[in-house]
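Down below is the structure, laid out as structure tokens.
The values are calculated or read from the model by the stated rules, or taken from the named source; none is laboratory data. Here the structure is a predicted model, which means the values were calculated and not measured. So basically every Cβ, Gly included, is an ideal-geometry build from the backbone, and we count neighbours across all protein chains shown. Accessible surface areas use protein heavy atoms only, side chains included; no ligands, DNA or RNA. Shrake-Rupley method; radii C 1.70, N 1.55, O 1.52, S 1.80 Å.
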Amino acid sequence: MKILNLGSLNVDRTYSVERFVQPKETIQALKYEEFCGGKGLNQSVALARAGAEVYHAGAIGADGKLLADMLESSGVHTEYLQTIDGASGHAVIQVDRSGQNNIIICGGANRKIEKSYISEVIAHFDAGDMLLLQNEISNIAFAMEEAKKRGLQVAFNPSPIDEGVWECDLNLVDLFVLNEVEGRILAGIRSEEPEEIMTALKEKFPDASFVLTLGDRGAYYFNRETKAFHDIYAVKAVDTTAAGDTFCGYFLAGLAEGMNMEENLARASAASALGVTRKGAAPSIPVRKETEEFMKQRNQ
Ligand code: RIB
């Protein structure tokens, strides 16, 4: 199975801070760094480092060579990536002493992706392949429709969740990859109880499968017929940026390989845990061998 990831690419302008800046306050950054990021790029890097065959489509500006280089050096196919007029997307990120972050994204080239380009790229893929989408680029609703017309499976990580998600026909989605907040919003419930969130999601989208990550409460894979769970690997976090993207990429790589779902959740959790012990988005994503070594050490 080939995976086409039509997704964002950002330069992450990352400020290490003692604590997040408050309204009306000015604070000194402890450090400033730039990393390759964007939920799309991070997920492609995770897919490739986990061993999947992934094609990244999306847009950068002339300033985005480092983003294309990051994809290529990680083993992602980039022949469909386009360079357009204007700036690449970027993100402004604060990372505090506990490794938590907050993020502002500024779309740039990510918001200039046109329907004609989407159709051209999807025409290179066939039934049995998968389209992966997040919610950081323009025209995702159209991309879902085009992919389904060609018989592709659609995986959707509706992150960051906003009104753009509701413009999509979510019944076209075969696999949702959700964190707890996204799970509750899509399910339309307030409860934080995993069983209630899962039941509501299955009722709303009976033909879909789901990955639901619940922070330190572990992660589930489920659909109407099956359910698998794996707990987290506890680590000391340095920077949680791209933890969800690492999980998503690794999980989809395992799915493409036909991995058993408990093992797949375990490996995705391990990769994500290892990633948060390192700084930055894409640079923090471990390769498969490192992830397997980490699991061996933890399982002893
Ligand atoms: O999920 C983390 C990513 O969100 C960052 O790399 C940033 O670019 C934003 O897209």
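Summary of values
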{"item": "Unit charges on C-beta of K, R, D, E only; dipole of the chain, Debye", "result": "520 debye"}
{"item": "At 1.567 mPa s and 4 °C, Stokes D of the chain from Kirkwood alpha-carbon radius, µm² per second", "result": "67 µm²/s"}
{"item": "Region 103-147 - percent of accessible surface contributed by carbon and sulfur, probe 1.4 Å", "result": "52 percent"}
{"item": "Spin-label pair Lys2/Lys149, simplified geometry with 7 Å Cα→Cβ offset, distance in nm", "result": "1.9 nm"}
{"item": "With eigenvalues of the C-alpha gyration tensor scaled by 5 and rooted, region 104-168, Å", "result": "21, 13, 9"}
{"item": "Accessible surface of region 228-290 [probe 1.4 Å, protein heavy atoms]: carbon and sulfur percent", "result": "58 percent"}
{"item": "Extension gain from Lys204 to Gln28, taking 0.36 nm per residue of separation minus the Cα-Cα distance", "result": "58.7 nm"}
{"item": "For His124, solvent-accessible area (1.4 Å; no DNA, RNA or ligand), Å²", "result": "100 Å²"}
{"item": "Residue order for Lys39, Lys289 - accessible surface, 1.4 angstrom probe, largest first", "result": "Lys289, Lys39"}
{"item": "Karplus-derived HN-Hα couplings along region 136-150 (A = 6.51, B = -1.76, C = 1.60, θ = phi - 60°), whole Hz, x at Gly and Pro", "result": "10, 10, 7, 6, 6, 4, 5, 4, 4, 5, 4, 4, 5, 4, 8"}
{"item": "Distance between modelled label sites at Ile232 and Lys296, nm, 7 Å Cα→Cβ extension", "result": "2.6 nm"}
{"item": "Listed residue (Asn135, His124, Ala155) projecting farthest to the positive dipole end of region 58-189, Cβ model", "result": "Asn135"}
{"item": "Options Leu4, Val21, Ala46, ranked by Cα towards positive dipole end of region 1-54, top entry (Cβ charges)", "result": "Leu4"}
{"item": "Distance between modelled label sites at Glu114 and Arg278, nm, 7 Å Cα→Cβ extension", "result": "3.8 nm"}
{"item": "Gained length - Asp162 relative to Ile189, 0.36 nm times residue gap less alpha-carbon distance", "result": "8.1 nm"}
{"item": "Total charge dipole magnitude, region 52-193, about the Cα centre, Cβ charges on Lys, Arg, Asp, Glu only, Debye to nearest 20", "result": "160 debye"}
